[in-house]
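Colleague: The following block contains the structure, expressed as structure tokens.
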Amino acid sequence: MIHIEDIYSLTEFQRNAKAYVKSLKETGRPQVLTVNGRAEVVVQDAKSYQQMMALIDRLQIDPSDLEEHIDDPVRVENKSNSVPGLI
């Protein structure tokens, strides 16, 4: 989720890139950069991005797996392993 305090102009980000990168690493939250008052770019530190992509990968479910478990609402398995706690 984007917090209102994490929205900045691209110009401001460029002028103070070092400080913004430090903030990205410390908070782990993405920042929205605007151009002419409109959201144009989202930036995020590499560690948080990799964690987000790993979570997305774990949550992706092959639709054919759903058919196999249609009568078992307690556990659905993804392509690689079961997703703990998925109901």
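The values are calculated or read from the model by the stated rules, or taken from the named source; none is laboratory data. All values reported here derive from a predicted model rather than from experimental measurement. Using ideal geometry, Cβ is built from the backbone for each residue, glycine included, and neighbour counts are taken over all protein chains shown.
Colleague: Taking the condition loosely packed, with under 13 Cβ neighbours inside 10 Å, under 17 Å from the mean Cα position of the chain (by Cα) and not hydroxyl-bearing (Ser, Thr, Tyr), does Lys47 pass?
Modeller: yes
Colleague: Something else: With the requirement that a residue be part of a helix (DSSP H, G or I), surrounded by 15 or more Cβ atoms within 10 Å (Cβ to Cβ) and of a type in the set (D, E, K, R), what does the stretch 1-37 give you?
Modeller: Result: Asp6, single match.
Colleague: If the Cβ limit is 8 Å and pairs must be 6+ apart or interchain, which residue in the stretch 1-12 that is hydroxyl-bearing (Ser, Thr, Tyr) pairs with which residue that is surrounded by 12 or more Cβ atoms within 10 Å (Cβ to Cβ)?
Modeller: So the pair list comes out as Tyr8/Tyr20; Tyr8/Gln31; Tyr8/Val32; Tyr8/Leu33; Tyr8/Thr34; Ser9/Leu33; Ser9/Thr34.
Colleague: Also, I was wondering about something else. Kindly list, by first and then second residue, each pair from a residue in the stretch 44-65 that is at pLDDT 85 or above to a residue that is assigned to a helix (DSSP H, G or I), limited to pairs with Cβ atoms under 8 Å and residues at least 6 apart or on different chains.
Modeller: Listed by first residue and then by second, the contacts come to Gln44/Leu24; Gln44/Met52; Asp45/Val21; Asp45/Leu24; Asp45/Lys25; Lys47/Lys25; Ser48/Leu24.
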